[in-house]
1. Quickly run through region A:119-157 and pick out the residues that are assigned to a loop (DSSP other than H, G, I, E, B), surrounded by 22 or more Cβ atoms within 10 Å (Cβ to Cβ) and within 10 Å of chain B (Cβ to nearest Cβ).
2. In region A:167-187, is there at least one residue being assigned to a loop (DSSP other than H, G, I, E, B) and closer than 27 Å to A:GLY115 by Cβ?
3. Checking the condition within 14 Å of chain B (Cβ to nearest Cβ), without any contact (Cβ under 8 Å) to a residue 40 or more places away in the chain and not in a helix (DSSP H, G or I), which residue from A:GLY239, A:GLY219 passes?
4. Return the residues of region B:60-76 that are surrounded by fewer than 20 Cβ atoms within 10 Å (Cβ to Cβ) and either closer than 16 Å to B:LEU156 by Cα or in contact (Cβ under 8 Å) with a residue 60 or more places away in the chain (or both); say none if nothing qualifies.
5. Do we have any residue at all in region A:168-175 that's of a type in the set (A, V, I, L, M, F, W, C) and in contact with a Pro (Cβ under 9 Å, 6 or more places away or on another chain)?
6. Name the single residue, out of those in region A:277-288 being touching a residue at least 60 places away in the same chain (Cβ under 8 Å) and open to solvent by 10 Å² or more (accessible area, probe 1.4 Å), that is nearest to A:ARG13 (Cα to Cα).
7. Inside region B:192-203, can you point out the residues that are more than 15 Å from the chain's Cα centre (by Cα) and open to solvent by less than 10 Å² (accessible area, probe 1.4 Å)?
2 protein chains.
Amino acid sequence: MNPIGLVSMQFARPFGPEHFALLPRIKGLGFDFLELLVPEKGEFELASMRRALAEAGLGVVLAARVNLQRNLTSAEAGPRQAGVDYLKYAVDCAVALGSDIVGGPLYGNPLVYAGRAPTPVSEAERLARFQRSVDGLGAAAAHAAAAKVRLAVEPLNRFETDIISTARQGMELMQALPPSVGLLLDSFHMAMEEASMAEAIRLAGPRLLHFQANENHRGFPGTGSVPWPAVTQALVEVGYTGPLSLEPFRRRDERFGISFAQWRPPQENEDESLRASARFLREQLHLAKAAPSRRTN
Amino acid sequence: MNPIGLVSMQFARPFGPEHFALLPRIKGLGFDFLELLVPEKGEFELASMRRALAEAGLGVVLAARVNLQRNLTSAEAGPRQAGVDYLKYAVDCAVALGSDIVGGPLYGNPLVYAGRAPTPVSEAERLARFQRSVDGLGAAAAHAAAAKVRLAVEPLNRFETDIISTARQGMELMQALPPSVGLLLDSFHMAMEEASMAEAIRLAGPRLLHFQANENHRGFPGTGSVPWPAVTQALVEVGYTGPLSLEPFRRRDERFGISFAQWRPPQENEDESLRASARFLREQLHLAKAAPSRRTN
C-alpha cells in the first residue's frame, strides 16, 4: 500500500526542533511520513531531525523551494547556477535525512509567489527555457543518481509558474531526461489545468514518483470536487506504489478578505479531519484495487 | 432562456472597430451577446460600437478592468477614489453601449496580474478593506441605480485577488450593499475555490446577476471537469434568467513553457468548438429544466 504523508506546513512554518513533539502526533493520526520543506542552510540540524523522525516511526519526503535567485530556467547565469547548486544541496539534505525523493517545481520560474506577473515569452526564449531545464535538471540528476535519490518535477497551476502546468508539458521534459527524474503530480494543480486527472496520471505512467493528494480548494481531501475514485483507480492502473502526501492547509475560515493563497497557521485543532482524510484516502486506494473495470494495460 | 454570450478577448485584445466584422460571425456561431471589456477612455467610439452590435443582432454585457491604480480597497485615498470614478465611468459606458450590467472584480486588489505576491493582512486591515469595499461599491451603486445599471461583483481565485474568492465571501459583502449590487460567478474560479458549485449558486440565489460558464482549465466548455448538469440545475433552481458568457481562451497548445495565464490570440480557427460549446450549454440548460429531482425552494 502506498505510504501516506502529511506536509510539515500543516502545523508550522518554518518547522524545526521546537516542533518535534508533533511527530508522534502525526504518526498517531495515521500518517506514514512527513513531507518536509528542504531546510535552508543552518535552519536545523539534519541529524537530530532524522533521529526525531525515526523515533516517531515516520519516513520523510523532501519538497524543494525555488525562487528567482535559484532558478534553473533563468536567462541569467547566476540564478541558473544557484538553481543547480540548490538542487544538489537538496539531494544532500535528502541523503542526510533519509529521503529518496526531492520533489517540487524544480525548474524554477515562480510567478505569483515571486510577485511576477505573466508576460509574453518569445518562441526563442521558450525553447531556451526548455534547454536550460534539461541542462540544469540533468546536472542535478547526475548528482542525485549517485546518491540514489530521485528528482520529482511538479507541474504547477498557471498562476504559480509559466514553465510546466500539465502532465503533458511535464512529459515533454521527461523525454529529454534520464529515468531518475520523474514527475510529482498534485491534484490541486491538476484540478485547474487537466481535462482529466485520470488521463494525466496514465500519461505520467511509470515516470510518476510522488503524488500530492489535495482537494481542488486545498481543504481536507474528501470535502471538495476532486474525483477520488477516478484518481485512485488511475494510480492503481499505472502501478503507482509511491508516496501520497496531503497538504490541506487552506484552513476553515471563509470570512471576507481572508486570502487562501497566504499561508496561515492552524485556526483550530484539525486532528480529526486530518485523521479522517488519511483514512478516506487509504480506503479509496483499497477500493480502487477492487474496482471491477480497471484497465489492464 | 438565458442569453449566451462570448467574450471579445476570444478573438482580439484590444477589441475595436477593426473587429466589427467579427460581430455577425459571433452571432452566427449561436451567441446572443458580446461580453466586452470596458474600453479605456478614447479606446473606441461608443456609438459606433453600439451600432455595430445592433446591426449584428448582439446584446452586450460589460466587464470592468481594475488595477492597483484604480482600486476601491486600497489603503490610499488616490487609488480608492480613482476606483470609484472608474466604476462610475464604466456605468456611463454601459449606458452608452446598451448594457445593463457592469461585472468583474470591482473591489480591486489584483494579485498575480498586478505582480503582487500574497502577503499577510492584519485583522484591522481586513476589516478596513471590507469597509472600503462597502463605501466604494455603495457610491458606485448609487450612480449605477440612477442609470438602471447593476453592478456584478466577481469572486476571483486566490491567485488573482485576496479580497473575495468564494460565493460565501461575496455574500458577506452583499449583506452590506443594496440589491442593485449582486454577484458574478465564474465556474473557472469556482472550480478552484468552492467545495460545491451548486451550493455556491444556491448561496448567491437572487443576488446572482451574471454567470461566466468556463471550464476548470478555461478550454471549451464541455471539455473539462466542471459538473455542468449540477451547475445548470442549480441555476434553474435559483430561477436565474441572466446572461451566461463563455471565455474559453486557453487555446489548444500544451507545449512545454506555454503559459496558460498569459493571454494569446487564437492559434487556429476555433469556430466549430465555440459553436459546439454554445449549443452544449444551451442543451444543458434545457435538460436542467427537465431534471426530475429539482428543489422547489
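1. A:ASN157
2. No: region A:167-187 contains no residue that is assigned to a loop (DSSP other than H, G, I, E, B) and closer than 27 Å to A:GLY115 by Cβ.
3. Only one candidate qualifies: A:GLY219.
4. Initial filter on region B:60-76 (surrounded by fewer than 20 Cβ atoms within 10 Å (Cβ to Cβ)): B:65, B:67-69, B:75-76.
Within region B:60-76, B:ARG65, B:ASN67, B:LEU68 meet the criteria.
5. no
6. Residues of region A:277-288 touching a residue at least 60 places away in the same chain (Cβ under 8 Å): A:278-279, A:281-282, A:285-286.
Among the residues that remain, those that are also open to solvent by 10 Å² or more (accessible area, probe 1.4 Å) are: A:279, A:282, A:286.
Values: A:ARG279: 25, A:ARG282: 27, A:HIS286: 33 Å.
The extreme case among them is A:ARG279.
7. B:MET192, B:GLU193, B:ALA200
Residue-wise test of (1) over 18 Å from B:LEU87 (Cα atoms); (2) away from every other protein chain (no Cβ under 14 Å); (3) free of Cβ contacts under 8 Å to residues at least 40 places away in the same chain.
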{"site": "B:LEU177", "(1), (2), (3)": "no, no, no"}
{"site": "B:GLY182", "(1), (2), (3)": "no, yes, yes"}
{"site": "B:GLY205", "(1), (2), (3)": "yes, yes, yes"}
{"site": "B:HIS210", "(1), (2), (3)": "no, yes, no"}
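The values are calculated or read from the model by the stated rules, or taken from the named source; none is laboratory data. In this text, all values refer to a predicted model and were calculated from it rather than measured experimentally. Cβ coordinates were reconstructed from backbone atoms using ideal geometry, including for glycine residues, and neighbour counts include every protein chain displayed. Side chains are part of the model used for accessible areas, which takes the heavy atoms of the whole protein and leaves out ligands, DNA and RNA. Shrake-Rupley method; radii C 1.70, N 1.55, O 1.52, S 1.80 Å.
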